[in-house]
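The values are calculated or read from the model by the stated rules, or taken from the named source; none is laboratory data. Just so it is clear, the structure is predicted and the values come from calculations on it, not from any experiment. Here the Cβ positions follow ideal geometry from the backbone for every residue, glycine too, while neighbour counts run over all protein chains shown.
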Amino acid sequence: MKHIVFYSGGIGSWMTACRVIQQQGKEDVILLFTDTLIEDIELYRFLDETEQDFGIEITRIADGRTPWQVFKDTRFLGNSKLAKCSHMLKQETAKKWLHSNYGPDECILYLGIDFTEIHRTKAPVKNWSPYQVKFPMTEKPYLYKADMLNALKKKNIKVPRLYELGFSHNNCGGMCVRGGQGHFVQLLEHFPARYQQMEMFEKEMSEFLEREVTILKKTENEVSHPLSLEKLRQAYEAGKKDQLDLFDVGGCGCFVS
């Protein structure tokens, strides 16, 4: 029986891999990384260091497109509610690899959802059926993200810089369209060139589709309105951060939905 960990390069999937290896031994463990091709250079460094520490060569696969190319191909700009990049670049790419290599009776799949997110386990169980899916981080001993990061430090492996800078996850170079207003303010503060890239692409998609499309929304008086990255940046630069929802950070859920 093979034990396949969806290894995203995030702290949750790392800790999941640690538990699976501890429980099953490393001989039958596969760490499967699906590349979006816009990852932070620190993610690849993290993969290399943990690969060496585990003594397991990471299986690296990719669709070959970036999220931006997927948005153009599907004529839909991803957002926190629906991101086809997750479906095509992560889920479908992994499913193709899985179906080509192992049947449902030959492997168990593992995801890094933790005990604070148990409500998120239903969708992947359904979506990956008839394959069996397990969530080791929903089991005792319960660990928060800070606990996992401390465990990583004890291994003398450098924490990926996106975590150190306050980002909620280590995926897509901080440019995840599932992020909220607070997430994109962080991106603007720490990686202005990446923010500019996304702002320009958002405009490009509006021109391409011949209608306004935005990644973000803003709610006023219980009514939701489009919020472009340009307007978010302008509000930030004008010192109007109080008009932004800085607690709305969103979150990556590529293998969940």
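Quick one: would you say Arg120 is surrounded by fewer than 19 Cβ atoms within 10 Å (Cβ to Cβ) and modelled with pLDDT under 95? Let's see the steps before the verdict.
Working: surrounded by fewer than 19 Cβ atoms within 10 Å (Cβ to Cβ): yes; modelled with pLDDT under 95: yes.
Yes: the conditions hold for Arg120.
Those residues that are in contact (Cβ under 8 Å) with a residue 24 or more places away in the chain and either among the charged types (D, E, K, R) or in contact with a strand residue (DSSP E or B) (Cβ under 6 Å, 6 or more places away or on another chain) (or both), I need them from segment 103-120; list them, please.
Those that are in contact (Cβ under 8 Å) with a residue 24 or more places away in the chain and either among the charged types (D, E, K, R) or in contact with a strand residue (DSSP E or B) (Cβ under 6 Å, 6 or more places away or on another chain) (or both): Glu106, Cys107, Ile108, Leu109, Tyr110, Leu111, Asp114, Arg120.
Which condition from (1) part of a loop (DSSP other than H, G, I, E, B); (2) touching a Phe, Trp or Tyr at 6+ places or on another chain (Cβ under 6 Å); (3) surrounded by 12 or more Cβ atoms within 10 Å (Cβ to Cβ) is the one that Tyr142 breaks?
Here Tyr142 meets the rest and fails (3).
Quick one: what pairs do we get from segment 2-21, first residue part of a helix (DSSP H, G or I), second surrounded by fewer than 23 Cβ atoms within 10 Å (Cβ to Cβ) and of a type in the set (S, T, N, Q), C-beta under 8 Å, 6+ apart or different chains?
If the second residue must be surrounded by fewer than 23 Cβ atoms within 10 Å (Cβ to Cβ) and of a type in the set (S, T, N, Q), the pairs left are Trp14/Thr50; Ala17/Thr50.
So Thr74 fits all but one of (1) over 18 Å from the mean Cα position of the chain (by Cα); (2) closer than 30 Å to Gln22 by Cα; (3) free of Cβ contacts under 8 Å to residues at least 24 places away in the same chain; (4) loosely packed, with under 14 Cβ neighbours inside 10 Å; what number is the exception?
The failed condition is (2).
Only one of (1) of a type in the set (Phe, Trp, Tyr); (2) under 18 Å from the mean Cα position of the chain (by Cα); (3) closer than 17 Å to Asn127 by Cβ is not met by Phe46, so which one is it?
The number of the failed condition is (3).
Would you check if Pro130 is in the same structural domain as Thr16 (by TED's automatic domain parsing), in a loop (DSSP other than H, G, I, E, B) and not basic (Lys, Arg)?
When the stated conditions are applied, Pro130 passes them.
Only residues that are of a type in the set (A, V, I, L, M) and either under 15 Å from the mean Cα position of the chain (by Cα) or more than 14 Å from Gly9 (Cα to Cα) (or both): list them for segment 145-173, please.
Across segment 145-173, the qualifying residues are Ala146, Ala151, Leu162, Leu165.
Going by the structure shown, is Arg60 in the same structural domain as Ile108 (by TED's automatic domain parsing) and in a helix (DSSP H, G or I)?
Spelling it out, it is not the case that Arg60 is in the same structural domain as Ile108 (by TED's automatic domain parsing) and in a helix (DSSP H, G or I).
Matching residues to (1) over 19 Å from the mean Cα position of the chain (by Cα); (2) within 21 Å of Leu37 (Cβ to Cβ); (3) among the β-branched types (Val, Ile, Thr):
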site: Met175; (1), (2), (3): no, yes, no
site: Leu187; (1), (2), (3): no, yes, no
site: Glu202; (1), (2), (3): yes, yes, no
site: Glu207; (1), (2), (3): yes, no, no
site: Val213; (1), (2), (3): yes, no, yes
site: His225; (1), (2), (3): yes, no, no
site: Gly239; (1), (2), (3): yes, no, no
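Determine if segment 44-58 includes at least one residue that is out of contact with any Cys (no Cβ under 9 Å at 6 or more places or on another chain), among the basic types (Lys, Arg) and under 22 Å from Arg161 (Cα atoms).
yes
Within segment 5-29, how many residues are buried (at least 24 other Cβ atoms within 10 Å of the Cβ) and over 16 Å from the mean Cα position of the chain (by Cα)?
1
Take segment 83-103 and flag every residue that is surrounded by fewer than 14 Cβ atoms within 10 Å (Cβ to Cβ) and not in a helix (DSSP H, G or I).
Gly103
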